[in-house]
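**Q** One structure follows; several queries about it will come next.
The values are calculated or read from the model by the stated rules, or taken from the named source; none is laboratory data. Just so it is clear, the structure is predicted and the values come from calculations on it, not from any experiment. For neighbour counting, all protein chains shown are included, and Cβ atoms are generated from backbone atoms with ideal geometry for every residue, glycine included. Heads up: the accessible areas ignore ligands, DNA and RNA and are worked out on the full protein's heavy atoms, side chains in. Shrake-Rupley method; radii C 1.70, N 1.55, O 1.52, S 1.80 Å.
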Amino acid sequence: MAKGKKYYVVWVGNEPGIYDSWEACQLQIKGYPQARYKSFKSLEEAKEAYSQGTAPFSKKSKSVSVSERTGIVWKSISVDAACSGNPGLMEYRAVDTKSKDQIFHQGPFEDGTNNIGEFLALVHALAFLKKKGMDTYPIYTDSRTALAWVRNKKVKTTLVRNRKNEQLFELMERAILWLKKNTYSNPIMKWDTEKWGEIPADFGRK
């Protein structure tokens with residue numbers, strides 16, 4: 001019996017993306033350190049997995065050491081937020097993961113929260129990379145909450161809207177609208193603070 005067609009997602013490789021043949025996938029991962037990829041039975045499944053930014057290792061990667069499997073993807077950007085108080089003055093930024101060169105910075109905003117800053121930083125990064133034509137460039141965040149908000153295209157905050165934070169709420173509404181109107185392929189990956197220390201975009205105020 002002939003095998004069904006498979007689609008291959010490459011999260012980390014020469015050219016991250018979705019490929020419709022094993023041969024094309026191999027060209028992206030062969031000889032590439034810490035390559036991350038997986039096969040899927042349908043294009044829809046592949047697109048969903050790629051858009052979520054989850055990057056499991058293929059079963060074919062058993063020879064890769066544990067240290068390599070948990071290695072940092074340096075060719076990426078990292079985002080973070082800082083908030084003095086809860087709520088309080090909040091700001092967020094993105095940096096090059098390896099060099100820590102700042103890519104963008106926003107704030108401070110009055111009467112904000114760290115979760116809101118992390119969310120806005122992620123959406124800002126997605127919009128920034130899309131505008132630059134870098135649709136597959138990975139993004140690191142250390143916020144599970146922000147990851148969930150981006151994935152669900154919905155902000156769940158208990159922050160009360162007021163005159164001071166009106167701008168923040170407008171930015172959140174714009175961010176949600178952007179997520180609903182746009183698609184993206186950038187892997188959004190969780191920064192492992194326990195293993196790697198603070199995320200490169202950290203403001204150093206802990």
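**Q** Considering only residues that are surrounded by 12 or more Cβ atoms within 10 Å (Cβ to Cβ) and polar (S, T, N, Q), which ones fall in the stretch 168-189?
**A** Ser185, Asn186
**Q** What's the number of the condition Ser78 fails, among (1) open to solvent by 10 Å² or more (accessible area, probe 1.4 Å); (2) not in a helix (DSSP H, G or I)?
**A** Answer for Ser78: the failing condition is (1).
**Q** With (1) at pLDDT 95 or above; (2) over 25 Å from Lys47 (Cβ atoms) as the list, and Gly204 as the residue in question, which single condition is left unmet?
**A** The single condition Gly204 does not satisfy is (1).
**Q** Is it true that Thr183 is under 30 Å from Glu44 (Cβ atoms) and either outside any helix (DSSP H, G or I) or touching a residue at least 40 places away in the same chain (Cβ under 8 Å) (or both)?
**A** On the way: under 30 Å from Glu44 (Cβ atoms): yes; either outside any helix (DSSP H, G or I) or touching a residue at least 40 places away in the same chain (Cβ under 8 Å) (or both): yes.
The answer is yes for Thr183.
**Q** Here's another thing I want to ask about it. Looking only at the stretch 85-113, count how many residues are of a type in the set (S, T, N, Q), under 17 Å from Val160 (Cβ atoms) and surrounded by fewer than 21 Cβ atoms within 10 Å (Cβ to Cβ). First the steps, then the outcome.
**A** Initial filter on the stretch 85-113 (of a type in the set (S, T, N, Q)): 86, 97, 99, 102, 106, 113.
Among the residues that remain, those that are also under 17 Å from Val160 (Cβ atoms) are: 86, 113.
Narrowing further to those that are surrounded by fewer than 21 Cβ atoms within 10 Å (Cβ to Cβ): 86.
Count: 1.
**Q** Restricting attention to the stretch 148-175, which residues are among the hydrophobic types (A, V, I, L, M, F, W, C) and in contact with a helix residue (DSSP H, G or I) (Cβ under 8 Å, 6 or more places away or on another chain)?
**A** The first filter runs over the stretch 148-175 and keeps only residues among the hydrophobic types (A, V, I, L, M, F, W, C), leaving 148-150, 155, 159-160, 168-169, 171-172, 175.
Of everything in the stretch 148-175, those that are among the hydrophobic types (A, V, I, L, M, F, W, C) and in contact with a helix residue (DSSP H, G or I) (Cβ under 8 Å, 6 or more places away or on another chain) turn out to be Trp149, Val150, Val155, Leu159, Leu168, Leu171, Met172, Ala175.
**Q** Related question: Could you say which residue among Ala94, Ala55 is within 21 Å of Tyr140 (Cα to Cα) and at pLDDT 80 or above?
**A** Details: Ala55 fails: at pLDDT 80 or above.
Just one listed residue meets the conditions, Ala94.
**Q** Here is a check on your reading of the model: is Arg151 in a helix (DSSP H, G or I), open to solvent by 10 Å² or more (accessible area, probe 1.4 Å) and not acidic (Asp, Glu)?
**A** On the way: in a helix (DSSP H, G or I): yes; open to solvent by 10 Å² or more (accessible area, probe 1.4 Å): yes; not acidic (Asp, Glu): yes.
Answer is yes for this residue.
**Q** When you scan the stretch 135-142, do you find a residue that is assigned to a loop (DSSP other than H, G, I, E, B), more than 28 Å from Ile72 (Cα to Cα), open to solvent by 20 Å² or more (accessible area, probe 1.4 Å) and of a type in the set (S, T, N, Q), even just one? Quick ask: steps written out before the conclusion?
**A** Step one: of the stretch 135-142, the residues assigned to a loop (DSSP other than H, G, I, E, B) are 135-138, 142.
From what's left, more than 28 Å from Ile72 (Cα to Cα): none.
Within the stretch 135-142, none of the residues are assigned to a loop (DSSP other than H, G, I, E, B), more than 28 Å from Ile72 (Cα to Cα), open to solvent by 20 Å² or more (accessible area, probe 1.4 Å) and of a type in the set (S, T, N, Q).
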